[in-house]
Amino acid sequence: MTRICVVGAGIGGLTLARALAGRGAKVDVVEQGPVPNPVSSSHDEHRVIRHAYGAFEGYGRMMPSAFAAWDRLFADLGTRHFAQTGSIFVLRGNEDYAARSAAVMRETGATMREIPLDALADRLPMINPAGVKSAFETPADGMLFNTRILGDLTVHLSRMGVTFHPFTAVTAVDAERGVVSTSRGEIGADAVVVAAGAWMPKLLPSLAETAVPSRQAVVYLAPPVGFAERWSKAPVVVDFAGDQGIYTIPPREGTRLKVGDHVFTMTGDADDDRTARADDVARLLDAIDASFVGFDGYTVLERKICYYTVRPEEAFLARPIGTRGWVLSACSGHGFKFAPLIADIVAAGVLGERPAEEVSRIVAGEGTHVLAA
């Protein structure tokens, strides 16, 4: 039996463990903290999953396969940690985003509808209409409930025979010999996959300039009573101002109203704490103030930091290292939504079922279609 050691128990490592074990491999998952780890990039109340991707056309084309991969995972778990809220995109100057998204969605068969501006205020009275040039909705979108997925996936992997090594710090990875050195000794394997998120450059210094840790802030809000009911029934809202913007995830099924942005800081150390400072959230709060009606009536419940690895082109990184190693990193803010699909593709590469160069191209969004293994 082929033995694979996966370093990292975020959504990338856990879904990869599932894909490998499902192909008959013996899988060890090594994690420096608890499993799931609350400081991982994956650990959150909810994340957006959407069809519109603007200039990232390759990832837009992958979305039907990504949704199908989640359906397979939820079938395995016996529960569906997804709420189909739909998304509304509010554009204040980046109308090219709509045109490019629409072209790809026509190819994939996903639904996209323009929203007349005079109807937008009725649909979203919480959003400031000043400067809005156009708006559209994508009704099949929604939110994934991260912590519930991670917890159930961990239980499912135990049933599949995956071996966990929690509270086990990795000190070195020998990708030539297939050996992972840890605080509890060495683990040998036929192959090692480093899926350690923002800690990856510390384990693989040669990739420090390829996948850069990025300190990212989000805030959780309590809306004023006049908007609380509207937010509880709202879709995901993406508000673009030029090339920048914010995304707002409504409160559903016990989660809170969350707002973040997609401006990568490309700075920070993944071992820092996860409490956001005033300077971490200053730009985000200004953007929310411009987007929301009456933002001074909202209460900031929590300011939180997470870390991603980022590449300038925001493309997933999956490629062999040494003779017995692979690296897997989302390198964007899109890791969670694609994780089960990417894991299927990478597992096929690790086990030699698919050429490594093809795997690297597909996960980077460079293909026009994806056939999940």
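On the accessible surface of the chain, probed at 1.4 Å, how many percent belong to carbon and sulfur atoms? Exposed carbon and sulfur together represent 51 percent of the surface.
Put simply, the amide H of Val29, placed in the peptide plane, has neighbours under 5 Å in Val6, Thr163, Phe164, His165, leaving out anything fewer than 5 places away on its chain. Packing around the peptides 262-274, 99-111, 1-13, taken as the average count of other Cβ atoms within 10 Å per residue, puts them in this order, highest first: 1-13, 99-111, 262-274. Per residue, the accessible area of the chain comes to 39 Å², computed with a 1.4 Å probe over protein heavy atoms only.
Relative to the longest principal axis of the Cα atoms of the chain, helix 335-350 runs at roughly 30 degrees.
Computed over the chain, relative contact order equals 23 percent, with contacts defined as Cα pairs under 8 Å that lie 6+ residues apart.
Any chance you could give the angle, 0 to 90 degrees and rounded to 10, that helix 278-291 forms with the longest Cα principal axis of the chain? Roughly 40 degrees between the two axes. Between Lys233 and Ala75, the FRET efficiency from the beta-carbon distance, with R0 = 25 Å, is close to 0.35.
Remark: segment 214-361 carries a charge dipole of roughly 360 debye about the Cα centre, counting +1 on each Lys and Arg Cβ and -1 on each Asp and Glu Cβ. Counted over segment 195-262 with a bin width of 10 Å, the fraction of Cα pairs per bin, in whole percents, is 18, 32, 25, 18, 6, 0.
Ordering Val90, Val35, Thr108 by Cα displacement along the dipole of segment 1-126 toward the positive end leaves Val35 in first place; charges were set at the Cβ atoms of Lys, Arg (+1) and Asp, Glu (-1).
Computed from Cα positions, the angle between helix 95-108 and the longest principal axis of the chain comes to roughly 60 degrees.
Treating only the Cβ atoms of Lys and Arg (+1) and Asp and Glu (-1) as charged, compute the dipole magnitude of the chain about its Cα centre; round to the nearest 20 debye. Could the numbers behind the result be given before it?
Values: 37 positive and 43 negative charges, 166 e Å.
Here the chain has a charge dipole of around 800 debye.
Couplings 3J(HN,Hα) for segment 54-70, derived from phi with the Karplus relation 6.51 cos²θ - 1.76 cosθ + 1.60 (θ = phi - 60°), are x, 5, 7, 5, x, 6, x, 5, 7, 4, x, 5, 5, 4, 5, 5, 5 Hz, where x marks Gly and Pro.
Karplus-derived 3J(HN,Hα) values for segment 181-188, using 6.51 cos²θ - 1.76 cosθ + 1.60 with θ = phi - 60°, are 8, 10, 5, 10, x, 9, 10, x Hz; glycine and proline are entered as x.
Ranked by the mean number of other Cβ atoms within 10 Å per residue, highest first, peptides 79-89, 324-334 order as 324-334, 79-89. Straight distance only, please: which lysines reach the Cα of Lys202 with their own Cα at less than 29 Å, same-chain residues fewer than 8 apart left out? Partners found: Lys26, Lys304, Lys337.
Please name whichever of Phe227, Val132, Trp199 sits farthest to the positive end of the charge dipole of segment 100-235, dipole taken about the Cα centre and charges placed at Cβ: Lys and Arg +1, Asp and Glu -1. Final value for the positive-end residue is Phe227.
The values are calculated or read from the model by the stated rules, or taken from the named source; none is laboratory data. Computed from a prediction, not measured in an experiment: that's the story for all the values here. Don't worry about glycine lacking a Cβ; one is built from the backbone with ideal geometry, like all the others, and counts go over all protein chains shown. With ligands, DNA and RNA removed, areas are computed over all heavy atoms of the protein, side chains included. Shrake-Rupley method; radii C 1.70, N 1.55, O 1.52, S 1.80 Å.
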